[in-house]
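For reference, the structure discussed in these notes is given below.
Quick note: the coordinates plus some simple rules give every number you see, no bench work behind them. These numbers come from a predicted model, not from an experiment. Note that each Cβ is placed from the backbone with ideal geometry, even for glycine, and that neighbours are counted across all protein chains shown.
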Amino acid sequence: MKRLVVTLWVVSIGASTYAYTRALVERSHATGKSQLHIFLTSGEELFIWHQAPGWFYPVLWPLSILTFALTIVYARRR
């Protein structure tokens with residue numbers, strides 16, 4: 001059970017990091033600004049999640065719910 005929970009956490013964090021990085025790169029190419037500029041600025045340019053890959057949201061929510069649920073089950077069984 002512990003391996004499953006740890007694996008799900010790694011996959012969740014990895015998928016989120018990949019999608020955020022991909023969206024940052026896409027926004028950088030679309031605006032012609034550097035990735036660092038987009039990362040550090042506030043306001044509309046920081047909202048880049050609409051450029052996340054199409055699979056991201058359908059995968060993120062079920063994966064997050066499953067990860068948190070199994071984490072709670074694992075923690076209560078200890």
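Looking at (1) 23.0, 63; (2) 19.1, 68; (3) 15.9, 51, which value of Rg and Dmax of the Cα atoms in Å comes from a calculation on the structure shown? Given (1) 23.0, 63; (2) 19.1, 68; (3) 15.9, 51, the structure-derived one carries the label (3). Relative to the longest principal axis of the Cα atoms of the chain, helix 56-77 runs at roughly 30 degrees.
For a modelled paramagnetic label at T41, 7 Å from Cα along Cα-to-Cβ, the residues of the stretch 1-26 in reach, with backbone nitrogen under 15 Å, are 24-26. Here is how the number arises for the chain: DSSP H runs of 4 or more residues each give -39500 (n - 2.57), the sum is divided by the residue count, and the result at 222 nm is -25500 deg cm²/dmol.
Rounded to the nearest 10 degrees, the inclination of helix 2-31 to the longest alpha-carbon principal axis of the chain is 10 degrees. Packing, as the average of other Cβ atoms within 10 Å across residues, places the peptides 63-73, 19-29 in the order 19-29, 63-73, highest first.
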